[in-house]
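Read-outs throughout are calculated quantities, based only on the coordinates presented, and are distinct from any laboratory measurement. Quantities reported herein were computed from a predicted structural model and do not represent experimental measurements. Cβ placement follows ideal geometry from the backbone for every residue including glycine, while neighbour counts extend to all protein chains displayed.
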Amino acid sequence: MRKLLILTACMFAAVGLARAQTFDRARVFRSADHTLEKAEHRPGVVVRLDTGEARWADDAAAPGSDAPPRTLVVVEPRDTPPAPMPPNATLPGDGAFTGMSFKPIFENDKVRVIRARMEVGAREAFHTHAADTVVVHLSGGEIEDTANGKTVVNKWKPGDIEYEALGSSHSARNVGGPVDVVLVALK
């Protein structure tokens, strides 16, 4: 399932379709491909791809000081309650990671937003996600991902979106340059 979600996110990013990416518990829009015009004007997280800054907005799609030409990603949480947390699941930044750093940006009753960096050769031990998490790639990079007994190398570009579903399990290793992301963990 994780592979399918990653593939879907990459397909939308690669062809620049003017559509939102819809996941179980969030919709994601990008200003660079004009999907922001289709946003539902709901509360959400606004991420600037050029700086990695993130903020909460009551109308995340409203024009403001972040208006294009800057490239933005907007994550609008859906009103869908989460599934029960799996046993031994970890929140972003709480697992066994080597060569990674996590810096909280903000938290409210809907989301927990974190800036993360995965250095060259960094590793995430096998872990299970305790929250549905939208990963906004700021820098791009190459990450070897092992899930369900299969290993693939995902090649990310700035602005690519990844969805890590609650209960999904994997390990990862950075096989390229440093990777910078903003993690939007849904509550």
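Data table
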| quantity | calculated |
| --- | --- |
| Calculated from backbone phi, Karplus (6.51, -1.76, 1.60) coupling profile of the range 136-146 in Hz, x at Gly/Pro | 9, 7, 8, 10, x, x, 10, 10, 7, 10, 10 |
| Added length on full extension, which subtracts the Cα-Cα distance from 0.36 nm per residue, D58 to V120 | 18.6 nm |
| Highest to lowest packing among 99-105, 56-62, scored as the average C-beta count within 10 Å | 56-62, 99-105 |
| Gained length - N108 relative to T80, 0.36 nm times residue gap less alpha-carbon distance | 8.4 nm |
| P(r), alpha carbons of the range 97-186 - 5 Å bins starting at zero, rounded % | 3, 15, 22, 31, 20, 7, 2, 0 |
| Where a label projected 7 Å from the Cα of E144 along Cα→Cβ would reach, residues of the range 92-129 with amide N under 18 Å | 97-100, 118-127 |
| Length gained when the stretch V153-R42 is fully extended (0.36 nm per residue, less Cα-Cα span) | 36.5 nm |
| DSSP bridge pairs, the range 53-182: antiparallel proportion in percent, nearest 5 | 95 percent |
| Fewest-first sequence of F97, F106 by Cβ atoms within 10 Å of each Cβ | F106, F97 |
